[in-house]
Amino acid sequence: MTAPATPDSVAEADPPVPRTPRQRALHLLWQGASWLLLAAAFAVLVGTIVVPKVAGARPYTVLTPSMKPDYPPGTLIVVKPRPIDSIAVGDVITYQIASGRPDVITHRVTEIQRAADGAPRFVTRGDNNGMADPVPVRPVQVRGVLWYSVPYLGFVNTWFTGAKRTVTVFVLAGLLFAYGAWQFYADWRAERRRRRAEEAAAGPADDTPTTPLTEIPVDTAPIPRAGIGHRRPAPQEDPQ
């Protein structure tokens, strides 16, 4: 037998109020924006860290307009090492201004010359420059050949270095975990509300007491049976 329903339990079992079209639209918009931001952050991490590291490439940021219009300032370029003999005219290479120093330039190869010892020398020029670079590039200066580029992502790559990169990775990982936990909780809460609504729609249980069944006594005494050596008495005749 169940306990009688109280006002609190009835209110708790009420079905959830359906969302209005505006609320549904805002909810979908919020979910779409959240996933878009997470996807963009994930793409930045992949494009600037994961892919270059796995492929042995290096990301750089274009800072000057010398390679406009294809690679304006702020463009992220990823260069990949390539055998020197495979570099051809038309390739975009990134090379050190002076061998052993970190400063680099990214320009296009316009001519390949040969030194006295037969080693190649690369004549380079920016696409937006009117003349070639004054000094040909030696093979030891070459850091790699352009692999791919992403517009405007270079600004993020410039900021996204050192400790900021580590902190951002942990923050994004935490946000992803928190978002997944929230979605799990929201689904669990919606399922619980649905079950309560179904129970409320089914109505209260029948609380009418039932009469217990009475037990019928059964005589368990043994029934005598005729055995061997016993005779039934003969019927007596009435005297005349």
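The values are calculated or read from the model by the stated rules, or taken from the named source; none is laboratory data. Please read all numbers here as calculations on a predicted model, not as lab measurements. Cβ coordinates were reconstructed from backbone atoms using ideal geometry, including for glycine residues, and neighbour counts include every protein chain displayed. Each accessible area value is taken on the protein alone, full model and side chains, heavy atoms only, with ligands, DNA and RNA left out. Shrake-Rupley method; radii C 1.70, N 1.55, O 1.52, S 1.80 Å.
Under 20 Å from a point placed 7 Å out from the Cα of residue 140 along the Cα-to-Cβ direction: which residues of region 67-101 have their backbone N that close? The answer is 81-87, 94-101.
For region 69-196, the solvent-accessible area with a 1.4 angstrom probe is 62 square angstrom per residue. Shown in residue order for region 126-138 are the 3J(HN,Hα) couplings computed by the Karplus curve 6.51 cos²θ - 1.76 cosθ + 1.60 at θ = phi - 60°: x, 4, 9, 9, x, 9, 6, 5, x, 10, x, 8, 8 Hz (x for Gly and Pro). Here the Karplus curve 6.51 cos²θ - 1.76 cosθ + 1.60, taken at θ = phi - 60°, turns the phi angles of region 83-98 into couplings of x, 4, 5, 8, 6, 10, 4, x, 6, 9, 10, 10, 9, 6, 4, 9 Hz, with x standing for Gly and Pro. The length gained on full extension between residue 28 and residue 132, counted as 0.36 nm times the residue separation minus their Cα-Cα distance, comes to 32.1 nm. Taking a point 7 Å out from the Cα of residue 55 in the direction of its Cβ, the residues of region 101-119 whose backbone N falls within less than 20 Å of it are 105-109. Put 62, 171 in order of accessible area, highest first, and with a 1.4 Å probe you get 171, 62. Applying 1/(1 + (r/R0)^6) with R0 = 30 Å to the Cβ-Cβ distance of residue 110 and residue 152 gives a FRET efficiency near 0.65.
A straight chain from residue 178 to residue 42 at 0.36 nm per residue would run longer than the Cα-Cα distance by 47.4 nm. Extension gain, residue 167 to residue 192: 0.36 nm times the residue separation minus the Cα-Cα distance gives 5.3 nm.
Taking all protein chains as shown and a probe of 1.4 angstrom, residue 182 keeps an accessible surface of around 130 Å².
Solvent-accessible surface of protein heavy atoms, probed at 1.4 angstrom with all chains present, puts 146, 28, 175 in the order 28, 175, 146, largest first.
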